[in-house]
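Here's the structure, in structure tokens; my notes come after.
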Amino acid sequence: MRKPLQRGPRPMPLEELAVNLLFKALGEHRYNRSPQEYADLISLIPPLKKAIYLVNQGLQEIIESGQQHEICYFQPGDLAPRYIPFPSKISIDTLRKGLITAGLREPKWQKARS
């Protein structure tokens, strides 16, 4: 009997948006790639300060386009989806969490809680 597939934490919609905007700025897509292509993709990711600049620049372009965009927060068990408008800025922590959740960045060491 096989063990069920263990999945990591589910990405939040805002984290997914941040990662998607980063790869759009880099001119890449992030799905359906070989392991070697994913390794090459990871090597393209700039340091977080530059990456968050690219993400927020892409977000500003979307906002300035005049189209109304919303993020849908819907989880299993919810009775109805919740929509919130796009933020004006995404934090560096949101991008970091999105990259870690997507498997594109290793989490840094954290001090153990006692």
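The values are calculated or read from the model by the stated rules, or taken from the named source; none is laboratory data. The shown structure was predicted, so the numbers you read here are calculated from the model rather than taken from an experiment. Using ideal geometry, Cβ is built from the backbone for each residue, glycine included, and neighbour counts are taken over all protein chains shown. Ligands, DNA and RNA are excluded from the accessible area calculation, which covers all protein heavy atoms including side chains. Shrake-Rupley method; radii C 1.70, N 1.55, O 1.52, S 1.80 Å.
Some values worked out for this structure:
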| read-out | value |
| --- | --- |
| Choice from 43, 34, 91 with maximal GNM fluctuation in the chain (Cα, 10 Å cutoff) | 34 |
| Carbon/sulfur fraction of accessible area - the chain, other protein chains in place, 1.4 Å, % | 54 percent |
| J(HN,Hα) series, the range 80-89, from Karplus relation 6.51 cos²θ - 1.76 cosθ + 1.60, nearest Hz, glycine and proline x | 8, x, 10, 10, 10, x, 4, x, 7, 8 |
| Virtual spin-label span in nm between residue 20 and residue 106, 7 Å along Cα→Cβ | 3.0 nm |
| Average accessible area per residue (Å²) across the chain - probe 1.4 Å, nucleic acids and ligands excluded | 79 Å² |
| Long-range amide H partners of residue 71 with built H, under 5 Å | 84, 86 |
| Over the chain: helical MRE at 222 nm, DSSP H runs n ≥ 4 each giving -39500 (n - 2.57), nearest 500 | -14000 deg cm²/dmol |
| Volume per residue of the C-alpha convex hull in the chain, rounded to whole Å³ | 190 Å³ |
